[in-house]
């Protein structure tokens, strides 16, 4: 007979699961207030610490908002909240030996897909916003901090073309995780000019409605950026 390990759930986990189920199945709707801590203690037959831990867990999930002096209330989960929960885990993965390579592959899959999508679906307004972002790139050349922001904004415009809030949330998360890498790469002479030239090629492919060309231009851009980062990182490691 097979043997199985049965995990015992804490009281706070059980309370959190019950409240989460009520939120997800609609018994507790957006903007509804949860019962008071004392009422929840009586409802579930648990102590105050278990209730508070359960509420904190639901807050971390983005299902409730807790404000001092008022009862917790149900809120609509956002893509930003979901991605924020991944931030700590992702940073830990990035610190592993193969973490940067895994991250590069994930970023490439996302960014290349955005470029292909834009080549098929970008509106005239979208193209105008891309050109405005490109103009900001050019104006920011030579100003490291400003160029880093403009570089991020260019990729943000690409993400927004899909009109999908999850795309926007992924872009925001990638930007946070890429911050140190961008800062290091931009210390390389003329890297801002190279990035601007790459963005110019990407826009040209999108305007030509050529998904394959857009993919190729984006891949070259990302490969160059990652290659420069790894070279600089190795140089710093060798010097230390």
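The values are calculated or read from the model by the stated rules, or taken from the named source; none is laboratory data. On a predicted model such as this, the values are computed, not experimentally measured, just so you know. Virtual Cβ from ideal backbone geometry, glycine too; neighbours counted across all protein chains shown.
Kindly establish whether residue 115 is under 16 Å from residue 218 (Cβ atoms), under 20 Å from the mean Cα position of the chain (by Cα) and touching a residue at least 40 places away in the same chain (Cβ under 8 Å).
So residue 115 passes the test.
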| task | Check region 178-187 and report whether any residue there is assigned by TED's automatic domain parsing to the domain that holds residue 101, surrounded by 15 or more Cβ atoms within 10 Å (Cβ to Cβ), at pLDDT below 90 and farther than 19 Å from residue 116 by Cα. | result | yes
| note | Subset of region 31-41, residues in a loop (DSSP other than H, G, I, E, B), surrounded by 12 or more Cβ atoms within 10 Å (Cβ to Cβ) and in contact with a strand residue (DSSP E or B) (Cβ under 9 Å, 6 or more places away or on another chain), comes to 32, 34
| request: Residue by residue through region 135-151, note down the ones that are within 15 Å of residue 202 (Cα to Cα) and surrounded by 19 or more Cβ atoms within 10 Å (Cβ to Cβ). | output: 137, 151
| request: Answer yes or no: is there a residue in region 89-104 that is closer than 24 Å to residue 203 by Cβ and either modelled with pLDDT of 95 or more or under 19 Å from the mean Cα position of the chain (by Cα) (or both). | output: yes
| query | Which residue out of 201, 215, 191 is at pLDDT 95 or above, buried (at least 16 other Cβ atoms within 10 Å of the Cβ) and more than 20 Å from residue 120 (Cβ to Cβ)? | reply | 191
| Can you tell which of 114, 86 is modelled with pLDDT of 90 or more and either surrounded by 13 or more Cβ atoms within 10 Å (Cβ to Cβ) or not assigned by TED's automatic domain parsing to the domain that holds residue 51 (or both)? | 114
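Do the conditions hold for residue 218, that is, is it assigned to a helix (DSSP H, G or I) and farther than 16 Å from residue 114 by Cβ?
no
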